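Colleague: Here it is, the structure, as structure tokens.
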Amino acid sequence: MDNNNLTILHEDYQIKFDDATQMVFCSGSLMLNGSQEYEPIFALLKDAAAINNETALSLDLGQLEFLNSSGINVFTKFVIHIRNLKTKPLSVIGQQDIAWQVRLLKNLQRLMPSLDVQLQ
Amino acid sequence: MVETFGTFIEQPLEQMEYLLIGFSANSLPIQQRWKTNRLSADFISDYLRNFFTGIDAADSNQDFISIHSDNAVKYISNELLENAMKFHDDQKARQTRIGFYISGDHLIFLLQNMATLETTTHLRHFIERLLENNPYDLYIEQMEKNAIDESSTHSGLGLLSMICDYGAKLGWQLEHSDVEGTDYHISTMISLPLAVKN
């Protein structure tokens, strides 16, 4: 798999996978219309998770400014995907002082109790 | 016939401070109109924020995101705008209206749109499930369902997130809009406490 392709740069949002740190960074505003428009982001997340099967992956949402409910759906689907793999450790990073991020991470942990939640 | 469900405040809203946005859902292609959501949601959020100044946050309860927090008004406004576009009956000329009202201690969002019988039946089922179950259980259940059902285009999480994450109260009025009863005028109300009640 070509790791260099695991980047989506858009004027409103950026999703980047860093192979060295096994970290996916998300930034900007995600306000896309439904699952279809979110599919490239979901595919990137799944591809990043597949690169080193059992190596821990981190998902940094701390720089995400806005997320609509279809965007919430992408991250809940991804966490359920990882949970179902059973072998892949996952950390999700958010900011302690951003209320919706705290809430989102709490909901994600409800879906995957072993999820490592890091509020910074 | 008008049917009312959930928490629906029937006092005349026009006596409150309000902001109304109207649009004809079929005047622009949805892809083009979607881009206006960000502008509209930002404007509504900035506009309403002025009315919050000096009001103590009602939400000392850590269970919910406070409506005073960054992006809370924007999130709910944007979800309503998205729903208005997704579920409006394009064959109808009647405008979709979204109103934002400040009642003193409550912030009220009211979406009024036309919908087909099919959309209304779907909404009716959603309301029945919501009134009979724990919303948070439904929220998690919907997330699990979406993870299995690859074909679903709408997440079904928007209204549930308003209840479960923001502590919003939801209500609906469904009204037949023509003699055949095949089209409906739907009012969706979302209310949130603004101030601490002593």
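Where a number appears in this text, it was derived from the coordinates with a stated rule and is not lab data. Please read these numbers as outputs of a predicted model, since none were measured by experiment. Neighbour counts are summed over all protein chains in view; Cβ atoms, including those assigned to glycine, are modelled from backbone coordinates with ideal geometry.
Colleague: In a GNM of chain B with a 10 Å cut-off on Cα contacts, which of B:Lys86, B:Lys145, B:Lys169 has the highest mean-square fluctuation?
Modeller: Taking springs between Cα atoms under 10 Å, the residue moving most is B:Lys145.
Colleague: Kindly work out what percent of the DSSP beta bridges joining two residues of segment A:1-63 are antiparallel, to the nearest 5.
Modeller: Restricted to segment A:1-63, the bridges split so that about 70 percent are antiparallel.
Colleague: Given DSSP loops and a limit of at most 11 other Cβ atoms within 10 Å, what is the longest stretch of chain B that contains no such GluC sites (Glu not before Pro)?
Modeller: Here the longest run is B:11-149.
Colleague: Now for a separate question. Any idea how far the Cα center of segment B:110-158 sits from the one of segment A:80-107, in Å?
Modeller: 23 Å
Colleague: Would you work out the relative contact order for chain A, in percent, from Cα pairs under 8 angstrom that are 6 or more residues apart?
Modeller: 22 percent
Colleague: Can you tell which of B:Gly22, B:Gly99, B:Gly158 shows the greatest fluctuation in a Gaussian network model of chain B with Cα springs below 10 Å?
Modeller: Among B:Gly22, B:Gly99, B:Gly158, the largest GNM mean-square fluctuation belongs to B:Gly22.
Colleague: Among the trypsin sites (Lys or Arg not before Pro) in segment A:36-89, which ones are in a DSSP loop with at most 12 other Cβ atoms within 10 Å of the Cβ? Mind listing them?
Modeller: A:Lys86
Colleague: Let me ask something else. Dipole of segment A:3-119, Cα-centred, from +1 at each Lys and Arg C-beta and -1 at each Asp and Glu C-beta, to the nearest 20 debye?
Modeller: 580 debye
Colleague: How large is ³J(HN,Hα), in whole Hz, for each residue of segment A:45-59 in order, when computed from phi with the Karplus curve 6.51 cos²θ - 1.76 cosθ + 1.60 and θ = phi - 60°, using x for Gly and Pro?
Modeller: Karplus values, whole Hz, x for Gly and Pro: 4, 5, 5, 4, 6, 8, 5, 10, 2, 10, 7, 5, 10, 10, 10.
Colleague: Still on this structure, please answer the following. May I ask which residue of B:Asn134, B:Phe100, B:Thr188 lies farthest towards the positive end of the charge dipole of chain B, with charges of +1 (Lys, Arg) and -1 (Asp, Glu) on Cβ and the Cα centre as origin?
Modeller: Final value for the positive-end residue is B:Phe100.
Colleague: Could you grab the relative contact order for segment B:66-158? Cα pairs under 8 Å, six or more apart, rounded to a whole percent.
Modeller: 18 percent
Colleague: Only bridges whose two residues both fall in the protein assembly as shown count here: according to DSSP, what percent of them are antiparallel, nearest 5?
Modeller: Within the protein assembly as shown, antiparallel bridges account for around 75 percent of the total.
Colleague: Scan chain B and note any complete DSSP helix (H) whose C-alpha atoms cover at least 15 Å along its axis and whose Kyte-Doolittle average is -0.5 or more.
Modeller: B:72-87, B:117-132
Colleague: Tally the DSSP beta bridges in segment A:3-119 and give the antiparallel ones as a percent, rounded to 5.
Modeller: About 40 percent, rounded to the nearest 5.
Colleague: If you don't mind, another one. Counting pairs of alpha carbon atoms under 8 Å apart in space and at least six apart in sequence, what relative contact order in percent does chain B give?
Modeller: Value for chain B: 33 percent.
Colleague: Helix-only mean residue ellipticity at 222 nm, the protein assembly as shown, DSSP H runs n ≥ 4 weighted -39,500 (n - 2.57), per residue, nearest 500. What is it?
Modeller: That calculation yields -13000 deg cm²/dmol at 222 nm.
Colleague: Continuing with this model, one more query. To make sure I understand the rule: partners must be aspartates and glutamates, Cα under 19 Å from the Cα of A:Lys106, and not fewer than 8 residues away in the same chain. Which ones qualify?
Modeller: Correct list for A:Lys106: A:Asp60, A:Glu65, A:Asp97, A:Asp116, B:Asp59, B:Asp63, B:Asp70, B:Asp137, B:Glu141, B:Glu144, B:Asp165.
Colleague: Also: GNM on chain B, C-alpha springs below 10 Å: top fluctuator among B:Asn78, B:Asn133, B:Asn113?
Modeller: B:Asn133
Colleague: Return the long-range amide H neighbours of B:Ser103 (sequence gap of 5 or more, or a different chain), with a cut-off of under 5 Å between placed amide H atoms.
Modeller: Here B:Ile108 satisfy the definition.
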